[in-house]
1. Here are the criteria: (1) farther than 27 Å from F25 by Cβ; (2) surrounded by 17 or more Cβ atoms within 10 Å (Cβ to Cβ); (3) of a type in the set (S, T, Y). Tell me which single one T99 does not satisfy.
2. N57 is checked against (1) modelled with pLDDT under 85; (2) closer than 25 Å to V126 by Cβ; (3) touching a Phe, Trp or Tyr at 6+ places or on another chain (Cβ under 7 Å) and fails just one. What number does that condition carry?
3. Checking Q113 against (1) of a type in the set (S, T, N, Q); (2) over 21 Å from L42 (Cα atoms); (3) without any contact (Cβ under 8 Å) to a residue 24 or more places away in the chain; (4) surrounded by fewer than 14 Cβ atoms within 10 Å (Cβ to Cβ), which single condition isn't satisfied?
4. For the range 105-115, state whether one or more residues are part of a loop (DSSP other than H, G, I, E, B) and either in contact with a strand residue (DSSP E or B) (Cβ under 7 Å, 6 or more places away or on another chain) or among the small types (G, A, S) (or both).
5. Considering only the range 60-72, how many residues are of a type in the set (V, I, T) and at pLDDT below 90?
6. Please work out if L37 is assigned to a strand (DSSP E or B), loosely packed, with under 14 Cβ neighbours inside 10 Å and at pLDDT 85 or above.
7. Restricting to the range 58-96, what's the tally of residues that are within 23 Å of E36 (Cβ to Cβ), aliphatic (A, V, I, L, M) and loosely packed, with under 13 Cβ neighbours inside 10 Å?
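The values are calculated or read from the model by the stated rules, or taken from the named source; none is laboratory data. Worth saying up front: this structure is predicted, and the values here are computed from it rather than measured. Because the Cβ atoms are built from the backbone with ideal geometry, glycine has one as well, and the counts that use them run over all protein chains shown.
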Amino acid sequence: MTGRNFLLGMMAALLAACSALTPRFEKPEVSVAGLELAGGNLLQQNFVVKSNIHNPNDRELPVTSLHADLTVGGEHVASAVNNHAFVVPAQGTTQFDMTLTANLGLALLKLSQRPDGGSAPIEYDVTGSASLDLPFLHDLTFHQKGSFAWHSS
C-alpha cells in the first residue's frame, strides 16, 4: 500500500468515525402560543411573540439565540429575534419569547393594492435559524412556506 492510499484510507476511516459519533437529530417543532403588542407607531410595530418549542430528541437542546424573517406577498414584513439562551429538555417543551419588529401598515397598503383584486391566495415565507450549543450542530435552519386568503373591501 502506498503512502497516498494509506492517507486516503485513514481520511475515509476518520470521516466514517465522525459520522458514527454524530447523533441522529430530529428537528424541533415550534408553535406560536400568543402575540402581544409592545408598542410602536404607524411605521413600525413591536410585538412579543410567545412560542413553544418541542424537542423530540433524547438529548436536551441548548439554544443560544434565534432569529426569523417573514415575507408576505414578496414584501419583507417582519423580523424576530431572541437573544436569551434557554434549554429545551429531552423529549420536552419550553416556552420562550421573541421580539418581533414589523411594518404592518406598509404590508396592508401593498396587499390592498394587489392587481388581482384580492382573489388569489397570498404567499408567505418564514426563514430563520436557531444557534445551538451542541458539537457537530451549531445552527439549525428552518424554512416554511404557505399561503392564505386575503379579501380587501
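1. Going through the list (1) farther than 27 Å from F25 by Cβ; (2) surrounded by 17 or more Cβ atoms within 10 Å (Cβ to Cβ); (3) of a type in the set (S, T, Y), T99 breaks only (2).
2. Unmet for N57, out of (1) modelled with pLDDT under 85; (2) closer than 25 Å to V126 by Cβ; (3) touching a Phe, Trp or Tyr at 6+ places or on another chain (Cβ under 7 Å): (1).
3. Looking at each condition in turn, Q113 falls short on (2).
4. Looking for residues that are part of a loop (DSSP other than H, G, I, E, B) and either in contact with a strand residue (DSSP E or B) (Cβ under 7 Å, 6 or more places away or on another chain) or among the small types (G, A, S) (or both), one finds none in the range 105-115, hence no.
5. Final tally of qualifying residues: 2.
6. Spelling it out, L37 is indeed assigned to a strand (DSSP E or B), loosely packed, with under 14 Cβ neighbours inside 10 Å and at pLDDT 85 or above.
7. So the answer is 1.
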